[in-house]
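Chemist: Could you have a look at this structure, given as structure tokens, before my questions?
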Amino acid sequence: MSNDFQSGSRSTYRAKRKKTNIILNSLIVIVLALIFFVAYTIFLSGDDKAAPKKEDTKTTANQASEKEDKDTEKNDAAQETEEENDTEETSAPAQEDESQAVITEGDGTTNVLRTIENPAWKPVGTAQTGEHTPVYDETHVDWQEMLKAVSYATGLEESNMTLHWLGRNKTTGIGSFSIVSSKDNQQKYNVYLEWVDGGGWKPTKVEELSAIE
């Protein structure tokens, strides 16, 4: 009878041990499954977080590009303003030079409305060298330079200028004398020129005349 009891005890122990092993194995499987699930979840969440970082990187790059474009526009605007200021400063002396002009109103006994003499007038430049002799020939460079000086003194563009006379100043015997008008005959001038060695023809006096009817 003792042997039967021992045999029964062993069978019961083996059954309990087998059941315990099954439970342990099941728990191990469950734990492994949980670990795999958690790891997979973390992996997916990591991809989701990485995407916004890329977007953030693109956004930052775009913002930097926009800032650079704005800075470039500001620099261009500042440069344009500076150039305009430089232009105004360059133009200022011309206005000052104009203020130096001595204007004498006509006395009404001739067709001279006013006489203008401006010490700020300068020679218009020349391509000629050596000793100078006035040449009153339309094909000669001296003639063209005289017309340039006349245009400079009167403010008339050569394309809007009718030449009535260009020759030696017979009154003084020095320099040249010209009569010109605008194409519409609303402006007419006598222009007196003198030669400056190395500088070319320079206006000395302009007489504004009554407009041609």
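Chemist: Quick one: which residue in ALA61, ALA101, ALA33 is surrounded by 10 or more Cβ atoms within 10 Å (Cβ to Cβ), at pLDDT 60 or above, among the small types (Gly, Ala, Ser) and farther than 23 Å from SER176 by Cα?
Modeler: After ruling out the rest, the residue left standing is ALA33.
Chemist: Please report, ordered by residue number, the strands (runs of 3 or more DSSP E) entirely within segment 165-213 with at least 2 residues that are in contact (Cβ under 8 Å) with a residue 24 or more places away in the chain and within 21 Å of GLN100 (Cα to Cα).
Modeler: In segment 165-213, the matching strands (runs of 3 or more DSSP E) lie at 188-196, 200-209.
Chemist: Mind listing whichever residues of segment 114-129 are free of Cβ contacts under 8 Å to residues at least 40 places away in the same chain and not hydroxyl-bearing (Ser, Thr, Tyr)? If you could, list the steps in order and put the result at the bottom.
Modeler: Here is the first cut: in segment 114-129, the residues free of Cβ contacts under 8 Å to residues at least 40 places away in the same chain are 119-120, 127, 129.
Those that are free of Cβ contacts under 8 Å to residues at least 40 places away in the same chain and not hydroxyl-bearing (Ser, Thr, Tyr): PRO119, ALA120, ALA127.
Chemist: Return yes when LEU209 is more than 38 Å from the chain's Cα centre (by Cα), open to solvent by less than 60 Å² (accessible area, probe 1.4 Å) and among the aliphatic types (A, V, I, L, M) and no when it is not.
Modeler: On the way: more than 38 Å from the chain's Cα centre (by Cα): yes; open to solvent by less than 60 Å² (accessible area, probe 1.4 Å): yes; among the aliphatic types (A, V, I, L, M): yes.
Taking the combined requirement at face value, the residue satisfies it.
Chemist: Of all residues in segment 152-164 being aliphatic (A, V, I, L, M) and in a strand (DSSP E or B), which is nearest to GLU131 (Cα to Cα)?
Modeler: Within segment 152-164, the match that is nearest to GLU131 (Cα to Cα) is LEU163.
Chemist: Continuing with this model, one more query. Only one of these conditions is not met by ILE179: (1) open to solvent by 20 Å² or more (accessible area, probe 1.4 Å); (2) aliphatic (A, V, I, L, M); (3) within 13 Å of LYS122 (Cα to Cα). Which number is it?
Modeler: The single condition ILE179 does not satisfy is (3).
Chemist: Sticking with this structure for a sec: Name the single residue that is surrounded by the fewest Cβ atoms within 10 Å (Cβ to Cβ) among those in segment 139-156 being out of contact with any strand residue (DSSP E or B) (no Cβ under 9 Å at 6 or more places or on another chain) and of a type outside the set (Ser, Thr, Tyr).
Modeler: GLY155
The values are calculated or read from the model by the stated rules, or taken from the named source; none is laboratory data. As the structure is a computational prediction, the values presented were derived from the model and not from experiment. Neighbour counts run over all protein chains shown; Cβ positions are idealised from the backbone, glycine included. Remember, those area values only see protein heavy atoms, side chains included, never the ligands or the DNA or RNA. Shrake-Rupley method; radii C 1.70, N 1.55, O 1.52, S 1.80 Å.
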